[in-house]
Every structure is written in C-alpha cells, then in structure tokens.
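Notes follow once the structure below has been shown.
Each value in this text was obtained by applying a stated rule to the coordinates, not by laboratory testing. Owing to the predicted nature of the structure, the values given are computational and were not obtained by experimental measurement. Positions of Cβ are backbone-derived with ideal geometry, glycine not excepted, and every protein chain shown enters the neighbour counts.
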C-alpha cells in the first residue's frame, strides 16, 4: 500500500512534507506508511487518497493493498441502482440534438450516443471498428475510421493523445498506457504540433470533419458526474460537440433531427 501511495503522491508532484501538511499528519508517520513500517487505518488511507485526489477505482486498490475492503461500489450501468444515472445521461444526449454527443467510460469505450453521433459514426467508418466495444479514440485516429476525413488530423491527433498522456501520467493505469501506445503507433500524414498554440482568433482546438462534400467544424466540451460515490459513475465522461462556425450550425439545423 505504501508503494502505491508514494506513486500517487509523486504523480501529482507533492512532497512527503507537503502531503503531511495538507492531511494534518506528521511527515514521520507518513514516511512510515510509505515504507511499510506502519499499517495505516482505513480512515487514514481514505484521507490521504482524498488529499491526493486519487480516483475512486485507485482508492479501492489502496484499501485492498492495505488489507481493507473496498469503500466504493462498482455497479453495472444496467443495474437498478444506476437507473437515475442512465436516465440523466440519456436526457443529456437527446437534449443536445441536433449536435453530436456521446458518453464513454474510462477507456473511452462508447456507452451511448445520440442520433447525430450515430450517423457520423456510420459514415465512412469500417464496420470492424464499430463492433462492440467501440473505442471513440480508436475510431477517431484509425486510418479506417475518421482519420482520412479529419482535415486537421495532426492538430486533432496531438490534442487527443496529449489528453490521454496526461491521464496515463496521473493514474498510472496500465490499460490506459496500452491504449496510448496503440494510438501512437497509428499512422498520420500530417505534422503534429508538440505544443498547442492558438492561431489568429482561435479560442479552442477544432475538429474539422469532412462530411458529404463539406467541412464541418466542431469544438467539444467534457462533463462528469459531479458527486460520484460509485466507481462506474465516477468514470463516465460526457463529450458534447458544438458547431464552431455558422455553416456547421446551419447544416446540422437543416438536417435535424438526424443527418442524412
């Protein structure tokens, strides 16, 4: 448990003394916890994990490593307990029409999507990439997916990989690292910027997607459930796409409720 705790502390670049001060414990006691000389209580593990902003899944791992039962349940999204969450997410997706929106899990596997997102996914994407489980990052960057239709592939790819790289660094999750390595190995015929810098008038990184002889421009927002106490609920991400220019907005409005 001490090694796991130390790894999380180092990922957020916090010293032992810094964590001890934030959590209100002595640095000596924290040192003993990290080296295994002291077995911390369940409450202490949760307290330290909270100050390190450790995700709920990893908090359960810390508890198990410390000899305690997990504190946070992990219900299936199809379970009765998750019914209010399912309904809320579906309401968000349908309410976002005629613009695309989807929900994904921690590995960016698509959980649900609205009709506009479904139409875009079905347009020019290889059927094998759409066999469940469908990974939205793989669909976006794969040469048999959206990649040939993304006008600014280098820029968009750098944005997606940068976001995923930060998640890998923060969580240390092996499955996220494996996904990152897979996506990095996919080909790209455009230059990828090392640092995201705005051009004249830019305020967001756009997704410029070719569709039916025109170019649609989107920017996205990410949302999470604000007060999760369940692992599944904590890891659900809602990605909503908005038109980045008037032509895209007009096109989507004309083809509401679904693209043709």
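Let me know the Kirkwood hydrodynamic radius for the chain, please, with Cα pairs as the basis and the value in Å to one decimal.
Value: 20.6 Å, from the Cα pair sum.
Take the chain, connect every pair of alpha-carbon atoms lying under 10 Å apart with a spring to form a Gaussian network, then pick out the residue of 137, 52, 207 with the largest mean-square fluctuation.
52
Taking 0.36 nm per residue of sequence separation and subtracting the Cα-Cα distance, how much length would be gained by fully extending the chain between residue 27 and residue 246, in nm to one decimal?
73.2 nm
What relative contact order, as a whole-number percentage, does the chain give when Cα pairs under 8 Å and 6 or more residues apart are counted?
20 percent
What's the angle, to the nearest 10 degrees (0 to 90), between helix 83-95's Cα axis and the longest principal axis of the chain?
The angle comes out at about 30 degrees.
Which whole-number percent is the relative contact order of region 2-65 (Cα, under 8 Å, 6+ apart)? Before the final figure, lay out each step's value.
Working: 43 pairs, mean separation 23.4, N = 64.
This gives 37 percent for region 2-65.
Stretch residue 211-residue 166 to full length: gain in nm at 0.36 nm per residue minus the Cα-Cα span? Kindly include the intermediate steps, with their values, before the conclusion.
Numbers: separation 45, 0.36 × 45 = 16.20 nm, distance 3.06 nm.
Full extension from residue 211 to residue 166 adds 13.1 nm.
Quick check: the distance between the Cα centres of region 190-228 and region 75-102, to the nearest angstrom?
Comparing the Cα centres of region 190-228 and region 75-102, I get a distance of 24 Å.
Based only on other Cβ atoms within 10 Å, what is the fewest-to-most ordering of 232, 109? Don't skip to the end; give the middle numbers.
Numbers: 232 23, 109 16.
By the 10 Å Cβ count, ascending: 109, 232.
For an R0 of 41 angstrom, estimate the FRET efficiency from the Cβ-Cβ distance between residue 182 and residue 16 and round to the nearest 0.05. Intermediate results must be reported in sequence, preceding the final value.
Details: r = 35 Å, r/R0 = 0.86.
The computed FRET efficiency comes out at 0.70.
For residue 35 and residue 81, what is the calculated FRET efficiency with R₀ set at 51 Å and r taken between the beta-carbons, to the nearest 0.05?
Using R0 = 51 Å, I get an efficiency of 0.85.
Quick one: helix 42-51 against the long Cα principal axis of the chain, what's the angle to the nearest 10°, folded into 0 to 90?
It works out to around 50 degrees.
Given a Förster distance of 25 Å, report the FRET efficiency between residue 131 and residue 175 from their Cβ-Cβ distance, rounded to the nearest 0.05. Mind dumping the intermediate values first?
Values: r = 19 Å, r/R0 = 0.76.
Once the sixth-power term is evaluated, E becomes 0.85.
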